[in-house]
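The values are calculated or read from the model by the stated rules, or taken from the named source; none is laboratory data. Just so it is clear, the structure is predicted and the values come from calculations on it, not from any experiment. Positions of Cβ are backbone-derived with ideal geometry, glycine not excepted, and every protein chain shown enters the neighbour counts.
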Amino acid sequence: MDKLDCVQTRYDLNNYKSSFSLSEKELQINILEIPDVYSSFNAELTEKGGDVISFYKLFDLSSTELAGLFSKEIINIVKNIEEVFSDEPEVQNKLTKKNEKILTKFLAAYKDEYSKARYVGGDILCLPFNDQEFGLALCCNSLFRTNDSFNFDRDLKIIIELLRVANKVKIFPLNKQRFVPCEYLGRIMLYFQQAGHRIEIIHANNETTKINNAILCIWNTGCIL
């Protein structure tokens, strides 16, 4: 087992590119990001001229409230890094700095009055966006997870809602735990195939893990068999 598979971490632009196998063409269309709590993807891609909206249930809080919450979380991430790489101080330092940089980048964008409009909070089952408003939706660590609030019915409703607002949805990862495939992934895929959607599972070149390496892609176009 690779040690990186045991580390909790947040994602930057490069992580998103590899985890979602994003092409340059995809990075140029308007994107809806459903992050794993927070990332620096929105801030970094916007600096490069990209068009991104990030949606998370806590993004209606103030920047001060989020800074307090996420500063506590970064402490736990650093502890996890130190435990996993206890005998590799250089790796510890590199991963710690990376995660601190991601949080700093995110909070700077969230605090900015102009940038704040790119971060939207609310209920993921009722997204405050128009039909087909986005060319692409990226769902990172928000489906197929392992606790009582994640289940087939919930995840199905979320994907249906994402397909309402986006022409294409990419979901990563597909495991309910780091090493355990989600038992209802096949049922999810069958549902959308039978509904006439095009479905593909493609490879993810994710540098943070060698195990979670698959992406589920669903298009709003007709299913291509």
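The table that follows gives values for the structure above.
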{"item": "Top-ranked residue of the stretch 185-207 - restricted to ones that are free of Cβ contacts under 8 Å to residues at least 40 places away in the same chain and part of a loop (DSSP other than H, G, I, E, B), ranked as farthest from ARG154 (Cα to Cα)", "result": "GLY196"}
{"item": "Residues satisfying the stated conditions in the stretch 58-75, i.e. without any contact (Cβ under 8 Å) to a residue 12 or more places away in the chain and assigned to a helix (DSSP H, G or I)", "result": "THR64, GLU65, GLY68, LEU69, LYS72, ILE75"}
{"item": "Members of the stretch 56-87 found to be within 21 Å of ASN30 (Cα to Cα) and either touching a Phe, Trp or Tyr at 6+ places or on another chain (Cβ under 8 Å) or of a type in the set (A, V, I, L, M) (or both), listed by number", "result": "TYR56, PHE59"}
{"item": "Residue in the stretch 32-51 that is surrounded by the most Cβ atoms within 10 Å (Cβ to Cβ), counting only those that are aliphatic (A, V, I, L, M) and either modelled with pLDDT under 95 or closer than 12 Å to PHE106 by Cβ (or both)", "result": "ALA43"}
{"item": "Filter result for the condition that a residue is acidic (Asp, Glu), surrounded by 14 or more Cβ atoms within 10 Å (Cβ to Cβ) and at pLDDT below 95, over GLU113, GLU100, GLU90", "result": "GLU100"}
{"item": "Residues of the stretch 76-87 that turn out to be without any contact (Cβ under 8 Å) to a residue 24 or more places away in the chain and either among the polar types (S, T, N, Q) or over 18 Å from LYS105 (Cβ atoms) (or both), as a count", "result": "5"}
